[in-house]
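Quick note: the coordinates plus some simple rules give every number you see, no bench work behind them. Because the structure is a prediction, the values reported are computed rather than measured. Cβ sites come from the backbone with ideal geometry, for glycine too, and all protein chains shown count toward neighbours.
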Amino acid sequence: MSCEHHGHDNLFLPREARILHTHRPTASEKHFTLQLADGAPLEFAPGQILEVGVMGYGEIPIGLASSPTRTGTFDIVVRTVGRVSTAINEKEVGDSLWIRGPLGHGFDLDSLKGHDVLIVAGGIGLCPTRSLIQYIEDRRDEFGRFLLFYGARDPLQLLFTEDRLHWRASGDVEYFETVDRADASWTGNVGVITTLFKKVQLLPETRVVICGPPIMFEFVIKELDRLGIVRENIFVDLERRMKCGVGKCGHCQINDKYCCIDGPVFTFSEIQELEEAI
């Protein structure tokens, strides 16, 4: 399959992106707003990824965390886990990062348009799905009912505070959130993300997008099976294990699929035989 690189000819050639804004939502994550140094818009589809690097350190694959409908800038959220992510998260406003992409296949917008859409995001799974959330908000009349479930381990791990305030107040999205463990200040729902299914009625034709830790998939799929939502209408973002982003290194291979070029977004029916690998 070809990469949807929208006219950018050389995916092996990094482009400079300037940091316009940074924010630290948690102790380990950093949210960057970037702009290509040459002033050109970054053309991409929701759900695509970038290889993001610092010269001398290497690069890592990161999902785009904003929608292409919001032109001029683009967002990523980087979790500090290793050498490259640490180097990226030491950068500040005015510094540059180097990006390659966009890479991979994003969300199948044609399959979602005209239908009710539920997004189920766990932990940092909210970052790549934010690209789709913003897209649906900006093209709201192209979709049916729009629901968003978001869960985190505890209140301190919740991302995008301003977005969450906006979603709660918005008439465009039915927003539900939960934490596995509450603290003294938490007044919302407590429990795993599947407890949110009790709060809504869903039609069997609903399109569902899932992104989060592997354990979450299994329990969410059980709920969707119970509701009669067929697996062809369930989309999973397997933004995981990716390294080179162009199908060369084999790091992200699961059987005959490469997450980077065949995904990171798959229908659940496509990867059913890979359930053990999720």
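The length gained by stretching the chain between Asp95 and Asp172 to full extension, at 0.36 nm per residue less their Cα-Cα distance, is 24.2 nm.
Of the peptides 14-20, 131-137, the ranking by mean beta-carbon count within 10 Å, highest at the top, reads 131-137, 14-20. Close amide H partners of Ser66, meaning residues 5 or more places away or on another chain with modelled amide H under 5 Å apart, are Asp75, Ser131. Between the range 95-163 and the range 32-67, the C-alpha centres lie 16 angstrom from each other. Here's how it looks for Val209: its modeled amide H is under 5 Å from those of Leu118, Ile119, Val120, Phe235, which are all 5 or more places away or on a different chain.
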